[in-house]
Amino acid sequence: MRLLLDVMCGGLVAYLRMCGYDTVYAGDRDLETDDELLAVARDDGRTIVTRDVQLASRAEASILLESRDVEDQLAELSAAGLELSLEDEPAFCGRCNGSLESVESTASTPEYAPDSAETAVWRCRDCGQHFWRGSHWNRVERTLSGLESTGESAGDRGERGE
């Protein structure tokens with residue numbers, strides 16, 4: 001499933017990309033009007049994820065969310081049938097949605113990234129950003145596993161999404 005998130009759902013972008021969804025964020029493309037969002041969704045075959053009832057009703061395919069809280073929104077997406085688990089091999093850049101490629105273990109990495117000989121590292125083919133399974137990956141994994149195991153809302157646990 002290819003997704004298009006409106007600006008009200010921007011907190012979900014990284015989670016969905018890490019779960020293997022081709023996810024375009026309206027804020028990254030300066031899509032401001034409903035008509036612009038609908039045109040991109042139609043042209044690219046994307047499902048719109050929104051909290052806007054009118055926008056959802058006009059879209060060919062949409063998922064309407066009620067909550068403002070990211071973890072509750074994730075639970076709503078799960079209830080709508082989206083598989084929310086981290087990919088073994090990440091496919092999409094968390095920054096720009098570009099395709100990721102594995103970095104060879106003999107290749108050098110930027111100073112901010114771990115040594116690719118010691119840790120699996122991926123690089124975005126579009127923006128060059130490097131990714132690996134670090135503390136952010138672990139936090140996302142805990143959040144997603146919490147959705148599956150407890151069914152509690154974020155508010156029940158006093159937590160907030162990123």
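With 10 angstrom as the radius, rank D52, D115 by how many other C-beta atoms surround their C-beta, starting from the fewest. Intermediate results must be reported in sequence, preceding the final value.
Details: D52 19, D115 12.
Exposure proxy ranking, most exposed first: D115, D52.
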Distance from a point 7 Å along Cα→Cβ of E83 to each backbone N in the range 115-148: keep the residues under 18 Å and list them by number. 141, 144-148
Quick one: the Cα spread of the chain along its three principal axes, in angstroms, biggest first? 52, 38, 22
Pull up the DSSP beta bridges for the chain and report the antiparallel fraction as a percent, rounded to 5. 40 percent
Two pseudo-spin positions, 7 Å from Cα along C-beta at C127 and at A39, lie apart in nanometres by 2.4 nm
Mind pulling the angle between the C-alpha long axis of helix 70-79 and the longest principal axis of the chain? Nearest 10 degrees, somewhere in 0 to 90. 70 degrees
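Please work out the ratio of the alpha-carbon Rg of the range 2-87 to 2.2 N^0.38 Å and round it to two decimals. Mind dumping the intermediate values first?
On the way: Rg = 11.7 Å, N = 86, 2.2 N^0.38 = 12.0 Å.
Normalised by 2.2 N^0.38 Å, the Cα Rg of the range 2-87 equals 0.98.
Quick note: the coordinates plus some simple rules give every number you see, no bench work behind them. Just so it is clear, the structure is predicted and the values come from calculations on it, not from any experiment. Using ideal geometry, Cβ is built from the backbone for each residue, glycine included, and neighbour counts are taken over all protein chains shown.
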